[in-house]
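Below: one structure, written as structure tokens.
Each reported figure results from applying straightforward, stated rules to the coordinates on display, with no laboratory input. This structure is a prediction, so every number in the text was calculated from the model and none was measured. In this analysis, Cβ positions are derived from the backbone assuming ideal geometry, glycine residues included, and neighbour counts consider all displayed protein chains.
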């Protein structure tokens, strides 16, 4: 039996490619407080079922079932090369503030700053198709070998 482990992504380009692949589940962990929040970003699909690449629905893990207890909290839009998180009803919660900071670090190229203060983990599932990752190179990138050739 192959053991599947979570993977920590540390490079900005790898993280960006993973979260925007269309079906990414990831956890951001504060190194200072130990708090962690798990998010799911699902890409909007076109009429043929392909990811559009410019809009993602964001969900937050809000209960004990890490497969089904996700609640939609907003959307991420790619506009003029920058990712912007939009939430109806305000940005005051810690998970929302964490997500805003995460995208600010990505947009401003401040990944070293992010990495000093937080960790980014994927759940050993392909960020595009959601299948379990078992090959070490796939765990390292967060994308399976087939999806790695397709993800934008």
Problem set entry | Search result, residues across region 39-92 that are under 16 Å from residue 106 (Cα atoms) and in a loop (DSSP other than H, G, I, E, B) | 80, 81
Seminar exercise, completed: Selection from region 93-118 of residues outside any loop (DSSP other than H, G, I, E, B), surrounded by 14 or more Cβ atoms within 10 Å (Cβ to Cβ) and free of Cβ contacts under 8 Å to residues at least 40 places away in the same chain yields 96, 100, 101, 103, 104, 105, 114
Problem set entry | Conditions (1) without any contact (Cβ under 8 Å) to a residue 40 or more places away in the chain; (2) surrounded by 12 or more Cβ atoms within 10 Å (Cβ to Cβ); (3) closer than 21 Å to residue 51 by Cα: number failed by residue 78 | (1)
Exercise. Taking region 126-135, which residues are crowded, with 22+ Cβ neighbours inside 10 Å and within 14 Å of the chain's Cα centre (by Cα)?
Worked result: 126, 127, 128
